[in-house]
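Beneath this line is the structure, given in C-alpha cells, with notes to follow.
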Amino acid sequence: MGYKSLRHCVEDLERNGHLIRVTEEVDPYLEMAAIHMRVYDQQGPALLFENVKGSSFPAVSNLFGTLERSHFMFRDTLDNVKRLVSLRSDPFSIVKNPIQSFRAVCAGVAAFPVKSRLSAPISYAKTQISNVPQIVNWPMDGGSFVTMPQVYTEDIDKPGTMNSNLGMYRIQLSGNDYIQNQEIGLHYQLHRGIGIHQTKANELGRPLKVSIFVGGPPSHALAAVMPLPEGLSELTFAGVLGNRHFRYFYDKEGFCISADADFVITGTVYPNENKPEGPFGDHLGYYSLVHPFPLMHVHNVYHRKDPIWSFTVVGRPPQEDTSFGALIHDITGSAMSSEINGLHAVNAVDAAGVHPLLLAIGSERYTPYLKLKRPQEILTIANQILGTNQLSLAKYLFISAYEDQPDLDIYDVPKFFQHILERLDPSRDLHFHTNTSIDTLDYSGDDINSGSKVVIAAAGDKLRDLIIDKPSNFPVLRGFANSKFVMPGVIAVETSEFEDYKTDGKLINEYASALEEYDLSGIGLIVLCDDASFTSETLNNFLWITFTRSNPSHDLYGVRSFISNKHWGCKGPILIDARKKPHHAPELVKDAEVESKINRLGVKGKSLYGFI
C-alpha cells in the first residue's frame, strides 16, 4: 500500500491503535509541545490535535515517535528501500541477491517524480501564515516555527526536479522583525544542499525560489532528512518509500508545488537579504540564539481540503528526531561505512546531540609485519570521516581498530569507551583541528559555526586495567572535592563556577599538577563539571554534559601535559572541562506552569487518560 495523503496515514494509524485524538482545545503556545514530549517519553502513540487554539486546522505529531510505528507505516516498502540504498553504495551486491535487487531497481525506476494536474488536492484553497497553527515549543523561542517542513529548492543552472534539494530546515513564522504574513525566516546549517543553490543564485544576482511543503504522505518528511547517496534524489526516495510517485506541478509563478502536501508555502529569497532569526530550542538541549539568516518573502500559502499541520518537538535527546535517526540507521545500514575505505562502523551519538560526538571503528592494516601496534590507518580514516558530508561537523571523534576486537559493538557506548581508554596512549593519540567549522547549533566554540575538533584514536594491545569503582584514595583537593564514578576509567569531579579561560586554565593546570603525586593508572578520563552527581547519574547525562559543554582546543587538559613539535599530549589522565561557560547558550527548561496545566488532559474521561 502507499498512503495518498497525511490524513490517509492518520486514519490507518488510528485504526491500528497507533494514534489517539486530542479533542479538547489545546494552546499552541507551549502546551502542544509539552503534551507531545510527555507522550513521547512514555513511547506513546501519535497525536492528532483536533482543536488548536487560534487556528481552524488540526495538527499531528509524534508520527515517527517509535521505530515500531515507523516500520508499520512503511511495512510494504522498507525491504525495497534498504536494497536500493545498498545497491547505490555497493552495486556488486546485485550478483548476490539478483531477484531482490531487480525488484528494488524496478521500484526505484517506477518511483520517479511525475507531473500532476493543476487541479491536484493542494490546489483546493489558499490561506495566510497567521492562520496555520502558531506552535511555540520552548519558553524562550523567538516565535512560532515550522518544525517538520520539507524545504524544496532547485539548482538555478539546472532547473527541474532531478537536480532539486529537499531538506528539513526550520522555518520561523512569527516574531522578531518579520512582517506578519509577508515574511518568514529560513534557517539552515552548514553542509546543506540548499546552501549550494542559494550560493549560485546569489552569484547571478537572482532570487532563489523556495517551496515549503508541510504534511503529505509520511515518506516525504523522511526523504527530507535522509542522508542519501550521491545521485539518489529525495523525491525518488520518497516515491520508493511511499510506494507512490512524488507528484508535483509548477504554479503560475514558477514555484514547484507538491501535489499531495497538506500545505505549501512559496516565496523568494533575495541575495544577501537576512533578518534576525531565533532563538529556538534545539536538538542539542540548548537554545540556538539570534543570528542573521535568509529572509523569505511569502508569495502564497496553499492547502488541500481538510489539511493537517504536521509538527514535532526537538530538545535534549531523546526526542522524536532520535527515533528518526534510528529509522535512518535501519534503512541505510552499512551504506555510510562502504563509502569510506576501511571504515567498519560509525555512530553519531544521539545522547550527545549527534554532531558533538562521533564513534567509529576502522581497519588497521598498514604495518601487519611490525609487533608494535599504533594508530595509523585509522587516522587516515578519521580524516576521511571529517571530510564527509555532515560527519565533518563532528567535534569529538573516537576511533578504534577493528582488528583489536572484531565483535566490538559501536552502539554499546560504555564498552566502546572502555575499549578506547584501555588502549589509549594520551601522549600520542590525540590529534587536534583548531579554528575550524563545527555544528551551527553548538555554542561551545568561540563563535557561530566556529570551534575545534579532536580525533582520539586507539589501536594495539591493552595498556591498562581501568577502575571499576571510585578509588577510596582518589584525591580530595581544594576546589575539586566532590567526585563520582561514571564508568570504567572515568571520574566526574565537581568544581567551582567557570569565570574565564585565563583564570580557570591556571586553576585546572594547577589541579593537574597536583594529581601527578597520585596513582591514577586506572583512570583514563576526568570530567570537570558543575554537578558531579548529575553528570554521573546516567550514561546520557555524562555524554550530554561532557561533549556539549566543551571545546577541545580550549577545554582539554592533561596530567603531565606537554607540547612537542606542535603535538599536544599528556602522560596521565585526560581532563575535560565540561562546565557551563558564559558564552554558552541557555539550556532548555520546561515551563512548570504549563506542565501542571496539561495534567487536566490526563484525568479519567479526557483524551490523554492513561498517557500523561
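What the table shows:
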| item | result |
| --- | --- |
| Cα long-axis angle, helix 98-110 against the chain (0 to 90 degrees, to the nearest 10) | 50 |
| Among the listed pairs Lys82/Lys305; Lys4/Lys115; Lys115/Lys158; Lys371/Lys470; Lys209/Lys395, those beyond 26 Å (Cα-Cα) | Lys82/Lys305; Lys371/Lys470; Lys209/Lys395 |
| Alpha-carbon centroids, segment 552-612 and segment 529-545: separation in whole Å | 8 |
| Positive-end extreme of charge dipole, segment 367-478 - chosen from Thr436, Ser452, Leu370 (charges on Cβ) | Leu370 |
| Heavy-atom surface of segment 443-519, accessible at 1.4 Å and reported per residue (Å²) | 52 |
| Contour minus Cα-Cα distance for Glu203 and Thr503 (0.36 nm per residue) | 103.4 nm |
| Listed peptides 590-600, 345-355, 269-279 by packing density, highest first (mean Cβ within 10 Å) | 345-355, 269-279, 590-600 |
| Accessible carbon and sulfur surface of segment 239-298 relative to its total accessible area, %, 1.4 Å | 53 |
| Sites Phe432 and Val476, calculated FRET efficiency, Cβ-Cβ separation with R0 30 Å, nearest 0.05 | 0.45 |
| Size of electric dipole in segment 107-169: Cβ of Lys, Arg +1 and of Asp, Glu -1, about Cα centre, debye, nearest 20 | 300 |
| Rounded if a/c under 1.5, otherwise prolate or oblate - segment 114-193, Cα gyration tensor axes | oblate |
| Shape of segment 399-510, Cα gyration tensor, a/c cut at 1.5 | oblate |
| Lys/Arg +1, Asp/Glu -1 at C-beta; the chain dipole; positive extreme among Ser533, Ala345, Trp138 | Ala345 |
| Per-bin percent of Cα-Cα distances, the chain [10 Å] | 3, 16, 25, 25, 18, 10, 3, 0 |
| Net dipole in debye of the chain [+1 Lys, Arg Cβ; -1 Asp, Glu Cβ; about Cα centre; nearest 20] | 1400 |
| Of all DSSP beta bridges in segment 305-403, antiparallel share, percent nearest 5 | 45 |
| Förster radius 60 Å - calculated FRET efficiency between His567 and Asp591 (Cβ-Cβ, nearest 0.05) | 0.80 |
| Virtual spin-label span in nm between Lys158 and His329, 7 Å along Cα→Cβ | 3.3 |
| Beta bridges per DSSP with both ends in the chain, % antiparallel, nearest 5 | 70 |
| Alpha-carbon centroids, segment 308-347 and segment 1-69: separation in whole Å | 22 |
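The values are calculated or read from the model by the stated rules, or taken from the named source; none is laboratory data. Everything quoted here is computed from the prediction, not taken from an experiment. In this analysis, Cβ positions are derived from the backbone assuming ideal geometry, glycine residues included, and neighbour counts consider all displayed protein chains. When the accessible area is computed, the model is the full protein with side chains, heavy atoms only, and any ligands, DNA or RNA have been set aside. Shrake-Rupley method; radii C 1.70, N 1.55, O 1.52, S 1.80 Å.
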